[in-house]
Amino acid sequence: MQTFAIKKPIITEKTYHLASTENAYTFEVATTATKNQVKEAIETIFSVSVLAVRTLMYASHSKRVGKKRLLSKKIKVKRALVTLKAGDSIDLFNLGSEEKTA
């Protein structure tokens, strides 16, 4: 079991929608982490049952930024989309549970 396989949760509008409709949560993971390591880490940390793990690898590339158009290197990133058993949830993604007052 490697709990260091998970770096941080990814919370965007799209991932929040997936969490609320499909019970799927997105995490940034170590580039060397396997699907089984991610599954074990999620089950250990959050005490939930994982049904499936899908991984995405974003390759590193160079990009020109700023007024002087200097080269900047974007690092390689790996994300894991974790689908949980019905009834399980992760509290990190419960952002919409609070009522907004305008």
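The values are calculated or read from the model by the stated rules, or taken from the named source; none is laboratory data. It should be emphasised that the depicted structure is a prediction, and the values quoted were computed from it without experimental measurement. Counting neighbours? That spans all protein chains shown, and the Cβs are built from the backbone with ideal geometry, glycine included.
Restricting attention to the range 78-102, the residues that are at pLDDT below 90 and more than 21 Å from Lys8 (Cβ to Cβ) add up to 5. Of all residues in the range 75-96, those that are within 17 Å of Ala5 (Cβ to Cβ) have Cβ atoms under 6 Å from Cβ atoms of residues that are surrounded by 12 or more Cβ atoms within 10 Å (Cβ to Cβ) and among the aromatic types (Phe, Trp, Tyr), 6 or more apart or on another chain, in Val77/Tyr58; Ala80/Phe27; Val82/Tyr25; Ile90/Tyr25; Ile90/Phe46.
Against the definition (at pLDDT below 90 and not basic (Lys, Arg)), how does Ile75 come out, yes or no?
Criteria met by Ile75.
Return the total of residues in the range 57-75 being surrounded by 11 or more Cβ atoms within 10 Å (Cβ to Cβ) and within 14 Å of the chain's Cα centre (by Cα). Qualifying residue count for the region: 1. Given the conditions (1) in contact (Cβ under 8 Å) with a residue 40 or more places away in the chain; (2) over 10 Å from the mean Cα position of the chain (by Cα), report the number of the one that Glu40 does not fulfil. Every listed condition holds for Glu40 apart from (1).
Could you name every one of the strands (runs of 3 or more DSSP E) located completely within the range 30-82 that has at least 1 residues being touching a helix residue (DSSP H, G or I) at 6+ places or on another chain (Cβ under 9 Å) and hydrophobic (A, V, I, L, M, F, W, C)?
Numbers: elements: 50-58, 61-65, 70-74.
Once the strands (runs of 3 or more DSSP E) in the range 30-82 are filtered for at least 1 residues that are touching a helix residue (DSSP H, G or I) at 6+ places or on another chain (Cβ under 9 Å) and hydrophobic (A, V, I, L, M, F, W, C), what remains is 50-58.
Within the range 1-45, the set of residues being aromatic (Phe, Trp, Tyr) and surrounded by fewer than 18 Cβ atoms within 10 Å (Cβ to Cβ) comprises Phe4, Tyr16.
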